[in-house]
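Here's the structure we're looking at; comments come further down.
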Amino acid sequence: MIRIFILFFLLTTISYSANQKDLVKLLELSNSSKVAGLDLSNADLRTYSFNNEKTNLQHANLSHSNLAGVDLSKMNLTNADLSYANLTNTKLTFAILNNVNLNHAILVNANLELTNLTNASLYSTSLVNANLENADLTKADLSCANLNNANLTKANFAFAIISNATFINTITTDVKNYASVIDNHANCEG
């Protein structure tokens, strides 16, 4: 009980814009670290320190959450929903994002180096200035995504969908499997 009170006290003093509901979600997260499918939607998690060995974010609902600047390196987010999430300046190096929903997410300046994005859905996602060096984008859907000024050096695009994605000033040195890319001319409106 004292541990929970201390954790609650620390969270309330270091959280600069988390509301009471977000703090309760964080307390639940610390108490149920092995449970998959956590609902952290709409939470402000900018001050939370995730531990890839103790926190299970597989199948988690993180839609509309604010994870700006958070270190999610080496985290397993397989099948998580990160749609509309703010991941600006987030570190996702070596993260596992298989089958993740990143539709309409903001990944501006995010570090996705060596990240596994196999079968990820990145429809209309902002990846401006993102680092995707050596990322695995096999069968990822990047339709309508903004990859302007992104670094795609040695990224694997095997059977990725890039319909109406933008690549202005994007670094594409040694991109792998680009010949298998699919462009089915998706409609980006709405």
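Consider the range 49-82 and keep the residues that are hydroxyl-bearing (Ser, Thr, Tyr) and crowded, with 18+ Cβ neighbours inside 10 Å. The one that is nearest to Ala95 (Cα to Cα) is Thr78.
Of the residues Ala165, Ala179, which single one is among the aliphatic types (A, V, I, L, M), without any contact (Cβ under 8 Å) to a residue 40 or more places away in the chain and surrounded by fewer than 18 Cβ atoms within 10 Å (Cβ to Cβ)? Ala179 is the lone residue from the list that is among the aliphatic types (A, V, I, L, M), without any contact (Cβ under 8 Å) to a residue 40 or more places away in the chain and surrounded by fewer than 18 Cβ atoms within 10 Å (Cβ to Cβ).
For the range 74-105, the tally of residues that are touching a residue at least 24 places away in the same chain (Cβ under 8 Å) and of a type outside the set (S, T, N, Q) stands at 2.
Yes or no: Ser65 at pLDDT 95 or above, touching a His at 6+ places or on another chain (Cβ under 6 Å) and small (Gly, Ala, Ser)? It would help to see each step written out before you state the result.
Details: at pLDDT 95 or above: yes; touching a His at 6+ places or on another chain (Cβ under 6 Å): no; small (Gly, Ala, Ser): yes.
Here the answer is no, as Ser65 does not meet what is asked.
For Ser17, are the conditions met, namely being of a type in the set (Ser, Thr, Tyr), modelled with pLDDT of 90 or more and out of contact with any Cys (no Cβ under 8 Å at 6 or more places or on another chain)? No, not satisfied.
Report whether or not Asn129 is out of contact with any Ser or Thr (no Cβ under 7 Å at 6 or more places or on another chain), assigned to a loop (DSSP other than H, G, I, E, B), surrounded by fewer than 21 Cβ atoms within 10 Å (Cβ to Cβ) and free of Cβ contacts under 8 Å to residues at least 60 places away in the same chain.
Judged against the criteria, Asn129 is a match.
The values are calculated or read from the model by the stated rules, or taken from the named source; none is laboratory data. Model, not experiment: these values are computed from the prediction. Here the Cβ is made from the backbone with ideal geometry for all residues, glycine too, and neighbour counts use every protein chain on show.
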